[in-house]
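Rule-based calculations on the coordinates, nothing more; no lab input. Owing to the predicted nature of the structure, the values given are computational and were not obtained by experimental measurement. Ideal geometry is used to build each Cβ from the backbone, glycine not excepted, and the neighbour counts take in all protein chains shown.
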Amino acid sequence: MIELVNVHKSFNDKKILDSVSIRIEKGETFVIIGQSGVGKTTILRHIAGFFDPDHGDVFIDSERMNGAGTGKKARLRERMGFLFQSGALINWLNVRENVALPLVEHKLGSISEINRIVDEKLELLQLLDSADKMPADISGGMKKRAGLARAIVRNPSIILYDEPTSGLDPVMSARINDMITRMKSELGVTSVVVTHDMVSAYNIADRIAMLYNGSIIECGTPEQIRGSSSPIVRQFIEGSLGGPIDV
Amino acid sequence: MPGNFRISYRRSFMNSVSALGSRLLYQVNFTGFTLILIFNAIIQMRHAFFKRREIIKQMYVSGVKSMVVCGIVALLGGMIFSLQIGLQLKTYGQSDFVPTMIINVMNKELGALLTGIILTAFSGAAMAAEVGTMKVSEEIDALEMMSINPVRYLVMPRMAAMMLMMPALTIYTVILGVLGAAVICYFQLGMSMESYFRRIVESIWFKDMYVCMLKSLVFAVIISSISCANGLKAGNGALGVGHATRVSVVSSLLMILVSGYFITSLFYGGFL
């Protein structure tokens, strides 16, 4: 379970998060939507422990992430995988070495065992043919899939996705969405997804929360969000120019 | 009007003081960050065997690849230096002292200094740019997310490689500097090779050699730590990486000169 309690965060006197409280249940897929630069990724980074809130607390399975020491943060992060927007692959390692990196660095198995696990994940994301390619030689979508393979290689119980479908073609987006859904149904993974892609959000979410001006203004099931009467939510999900959101 | 002018003058003065204070605080913070980085990297050297492949790769990148530049600079440096002092000493009939001066200067100062300057420009800049690019493209965050210590994974291998290659390159620079000077002594000062190298061997002092090695080790730590620290603190995309690279080169060069002075002063200034 992930819980953000009354989280406030400012950068250079600019308020990004203003009293954000979220409770994400185990096995839930929670999607955060909102305009660019509104603070969606900042929420993910609080959950991952990269940022500490100015006020408020972040709990991972009832353990406080904010203010934790390096050792405790590392221990809490072992339960998590993070799919970064760009994939964040280490550029001098090929796809296979990137996916194997956490297993090799933590010596989680023999070489043959690690190879077996890596092949399994690469096959799951249809990357086996590109296993020996360098990050510079693969497309953005492949980088994202390789990043996802690396995020799930240690079978985390929580996966944080930062714009998992941005820049991907519709078929690849559908594949990533399918992966996220399967991670939940087959492995019971808790997912927190930050996205602009409403098609993706409706497909994968158990609940969707809309972040606006640093606060969660609406949170509910995809059906509730679809039927929302809030003019801000309506403008965002319909992608219209006229409305209360400054464009 | 005079009142308004005074208020505006006072505000601008206060803003300048505040900016200076912020800059000073940043520098103190960055110095602390770099010192902690050095300490952590040295602690992480206990994992050096596990990271041997990366260390060897870094030795190649920061050491072997800069051998040609080091060689050219050392050879020409030795030639220029011996020509300048040789022509001066020849007018007094003292050109026999050129080999002694060459080996003394190369061993005591120029060997480590030239190598330090070349490695700062060649490897330090590359390190800052590489680590900075990793920082802005979220690769450092990805490492932390995998519970991989970036100091152990990135900084320690670079520092260890630099500490291994810098003394070796310094010896190489000294040797090539001496060879460059030999060419000038033979062709322009009319000194025989046998007499040149005999004087060189007679003038090598053990103290000069270990001070030279100490300097090269200190320079290695300075270059690798400042470059990695600037890379790890890089921000704002390509602009941030460029800034980190520039600052790392300038800071490394300054610190090399400052530490070089203090080591020389410590060993030759009557302290030790």
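Listed by chain and number, the lysines placed with their C-alpha closer than 28 angstrom to that of residue B:51 are A:72, A:73, A:107, A:121, A:133, A:143, A:144, B:65, B:135, B:215, B:233; residues fewer than eight positions away on the same chain are left out. Packing, taken as the mean count of other beta carbons within 10 Å per residue, orders the peptides B:119-129, B:184-194, A:83-93 from highest to lowest as B:119-129, A:83-93, B:184-194. Using θ = phi - 60° in the Karplus curve 6.51 cos²θ - 1.76 cosθ + 1.60, the 3J(HN,Hα) couplings for the stretch A:204-221 round to 9, 7, 7, 9, 10, 10, 9, 9, 9, 6, x, 10, 7, 9, 7, 9, x, 6 Hz; x is entered for Gly and Pro. Counting Cβ atoms of other protein chains within 10 Å of each residue's Cβ and taking the mean over peptide A:89-97 gives 2. About the centre of its Cα atoms, the protein assembly as shown shows a dipole size close to 1260 debye [charges on the beta carbon of Lys, Arg (+1) and Asp, Glu (-1) only; nearest 20 debye]. Shape analysis of the stretch B:1-151 places it in the oblate category; the axes a ≥ b ≥ c from the Cα gyration tensor give an a/c of at least 1.5, with a/b not above b/c. Among B:20, B:89, the ranking by other beta carbons within 10 Å of each residue's beta carbon, starting with the fewest, stands as B:20, B:89. With viscosity set to 0.890 mPa s and temperature to 25 °C, compute the Stokes-Einstein D of the stretch A:73-176, Rh being the Kirkwood radius across alpha carbon pairs; µm²/s, no decimals. The diffusion coefficient I find is 179 µm²/s. Computed from backbone phi, the HN-Hα couplings of the stretch A:111-124 come to 4, 5, 5, 4, 4, 5, 5, 5, 4, 4, 5, 5, 5, 4 Hz, rounded to whole numbers (Karplus: 6.51 cos²θ - 1.76 cosθ + 1.60, θ = phi - 60°; Gly and Pro given as x).
Across peptide A:100-108, the mean count of Cβ atoms from other chains lying within 10 Å of each residue's own Cβ comes to 3.
Sorted from greatest to least, the principal axis extents spanned by the alpha carbons of the stretch B:2-268 come out as 72, 65, 32 Å. Within the protein assembly as shown, the proportion of Cα pairs with more than 37 Å between them is 45 percent.
Could you put A:219, B:228 in order, starting from the residue whose Cβ has the fewest other Cβ atoms within 10 Å?
On the way: A:219 17, B:228 29.
With the sparsest Cβ surroundings first, the list reads A:219, B:228.
Residues whose amide H comes within less than 5 Å of that of residue A:21, counting only those at least five positions distant or on another chain, are A:6, A:7, A:216 (H built at 1.01 Å from N in the peptide plane). Gap in Å between the Cα centre of the stretch A:82-140 and the Cα centre of the stretch B:204-272? When both Cα centres are located, 37 Å separates them. Farthest towards the positive end of the charge dipole of chain B, among the residues B:30, B:247, B:55, is the Cα of B:30, using unit charges on the Cβ of Lys, Arg, Asp and Glu. Straight-distance candidates among the lysines for linking to residue A:26, with alpha-carbon spacing under 19 Å and chain neighbours fewer than 8 residues away dropped: A:184. The convex hull defined by the C-alpha atoms of chain A has an orientation-averaged projected area of 13.7 nm². Legend: mean number of C-beta atoms from other chains within 10 angstrom of residue C-beta atoms, peptide B:131-144, equals 5. Counted as membrane-span-like here are DSSP H helices of chain B whose alpha-carbon atoms extend 27 Å or more along the helix's own axis and whose Kyte-Doolittle mean is 0.5 or above; these are B:67-91, B:156-187, B:206-232, B:237-268. Cβ-Cβ distance of residue B:15 and residue A:36, R₀ of 45 Å, FRET efficiency by 1/(1 + (r/R0)^6): the value works out to about 0.85. Placing unit charges on the Cβ atoms only, positive for Lys and Arg and negative for Asp and Glu, gives chain B a dipole magnitude near 540 debye about its Cα centre. For residue A:189, which sequence-distant residues (separation of 5 or more, or a different chain) have an amide H within less than 5 Å of its own amide H, given hydrogens modelled in the peptide plane? Under 5 Å from the amide H of residue A:189: A:184. Taking amide H positions as modeled 1.01 Å from N, with prolines and chain starts lacking one, the residues under 5 Å from residue A:55 and 5 or more places away or on another chain are A:8. Between A:89, A:131, A:55, the Cα set farthest toward the positive side of the dipole of the stretch A:1-153 (charges on each charged residue's Cβ, about the Cα centre) is that of A:55. Of the residues B:197, B:131, B:73, the one whose Cα sits farthest towards the positive end of the charge dipole of chain B is B:131 (charges of +1 on Lys and Arg Cβ, -1 on Asp and Glu Cβ, taken about the Cα centre).
If neighbour count is taken as other Cβ atoms inside 10 Å, put A:207, A:116 in order from fewest to most.
The most exposed by this proxy come first: A:116, A:207.
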